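What follows is one structure encoded as structure tokens, with my remarks underneath.
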Amino acid sequence: MSLQVGLVVGSLRRDSVSRRLAQALQPLAPAGLAFHELEIGALPLYNGDLEDAAPPAWVRLRGAVRESDALLFVVPEYNRSIPGAVKNAIDVASKPTGRNCWVGKPAFVMSQSTGPLGGLAGSFALKQALAGAGAVTLPHPEVYLGRVATLFDGDGRLVPDTQDFLRGALASFETWIHRFAPRASAS
Ligand code: FNR
């Protein structure tokens, strides 16, 4: 049985590079990982007052995180941190108290930017929030894809070096998932 990896794409833009990257990952991943995107773009902002009748989009996200064996985040950096949509998704699925969906979930963070730093600061901010929520994030390899526009060829495919790098990173993630996910160790 494949391990279900919930994919969080950190940009809501139609032509998002984060989404293009995320869409390129399945063919590079070990056969035992199956990716499915989690919807974060239409989540109402977290507000504890709404918990008595939680918005359907919150309920769907919480269920999807709970049913995922692991989570993979592909994110841009916004103002040296993470996009608000990503932080809101983490907040929503961490509540209500006692029903935090992130606890113990293996996670992996990939960041990208058009500049040279590859979204390093945003990646760190995300890893900090995930640690606070109780997820266990793969420490190595680190994936910061700088000057991301140069990593795609004229046909929109990732260049071979980047494919190789990401293939290796995803293999490490599979090993990491097997260390933590109950369903992984049962199979
Ligand atoms: C950015 N961008 C950006 N880049 C960066 O390297 N450091 C930063 O702090 C920021 N800050 C920032 C804030 C806001 C509000 C936006 C909209 C953009 C640039 C951005 O990360 C970069 O263009 C990404 O490649 C965009 O990713 P998507 O939307 O194509 O996935």
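The values are calculated or read from the model by the stated rules, or taken from the named source; none is laboratory data. This structure is a prediction, so every number in the text was calculated from the model and none was measured. Neighbour counts run over all protein chains shown; Cβ positions are idealised from the backbone, glycine included. Surface accessibility is based on the protein's heavy atoms, side chains included, excluding ligands, DNA and RNA. Shrake-Rupley method; radii C 1.70, N 1.55, O 1.52, S 1.80 Å.
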Next on the checklist: Which numbered condition in (1) within 16 Å of the ligand (Cβ to nearest atom); (2) open to solvent by 80 Å² or more (accessible area, probe 1.4 Å) is the only one that Asp155 fails?
Outcome noted: (1)
Next on the checklist: Taking the conditions exactly as written (among the hydrophobic types (A, V, I, L, M, F, W, C), in contact with a His (Cβ under 9 Å, 6 or more places away or on another chain) and open to solvent by less than 10 Å² (accessible area, probe 1.4 Å)), does Val86 satisfy them or not?
Outcome noted: no
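Return yes when Ser68 is surrounded by fewer than 22 Cβ atoms within 10 Å (Cβ to Cβ) and either farther than 21 Å from Val143 by Cα or of a type in the set (Gly, Ala, Ser) (or both) and no when it is not.
Numbers: surrounded by fewer than 22 Cβ atoms within 10 Å (Cβ to Cβ): no; either farther than 21 Å from Val143 by Cα or of a type in the set (Gly, Ala, Ser) (or both): yes.
The answer is no for Ser68.
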Checklist entry - Since Ile177 meets every condition but one in (1) under 26 Å from Ser16 (Cα atoms); (2) under 15 Å from the mean Cα position of the chain (by Cα), which condition does it not meet? => result (1)
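Can you go through Val74, Val65 and tell me which one is in contact with a Phe, Trp or Tyr (Cβ under 9 Å, 6 or more places away or on another chain), of a type in the set (A, V, I, L, M, F, W, C) and under 29 Å from His178 (Cβ atoms)?
That would be Val65, the only listed residue that is in contact with a Phe, Trp or Tyr (Cβ under 9 Å, 6 or more places away or on another chain), of a type in the set (A, V, I, L, M, F, W, C) and under 29 Å from His178 (Cβ atoms).
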Checklist entry - Has the range 170-185 got any residue that is of a type in the set (A, V, I, L, M), in a loop (DSSP other than H, G, I, E, B) and within 16 Å of the ligand (Cβ to nearest atom)? => result no
Checklist entry - Just to be sure, is Phe73 in a strand (DSSP E or B), within 16 Å of the ligand (Cβ to nearest atom) and touching a residue at least 60 places away in the same chain (Cβ under 8 Å)? => result yes
Item to check | Subset of the range 1-18 [within 11 Å of the chain's Cα centre (by Cα) and open to solvent by 10 Å² or more (accessible area, probe 1.4 Å)] | outcome: Leu7
Checklist entry - So which of Ala171, Ala184 ends up being out of contact with any Cys (no Cβ under 7 Å at 6 or more places or on another chain), modelled with pLDDT under 95 and hydrophobic (A, V, I, L, M, F, W, C)? => result Ala184
Checklist entry - Residues in the range 46-64: is at least one among the β-branched types (Val, Ile, Thr) and within 16 Å of the ligand (Cβ to nearest atom)? => result no
Checklist entry - Can you name every residue in the range 1-39 that is within 12 Å of the ligand (Cβ to nearest atom) and either in a helix (DSSP H, G or I) or touching a Pro at 6+ places or on another chain (Cβ under 7 Å) (or both)? => result Gly10, Ser11, Val17, Ser18, Arg19, Arg20, Leu21, Ala22, Gln23
Checklist outcome for this item: Counting only residues in the range 98-142 that are within 16 Å of the ligand (Cβ to nearest atom) and of a type in the set (Val, Ile, Thr), the one surrounded by the most Cβ atoms within 10 Å (Cβ to Cβ) is identified as Val109
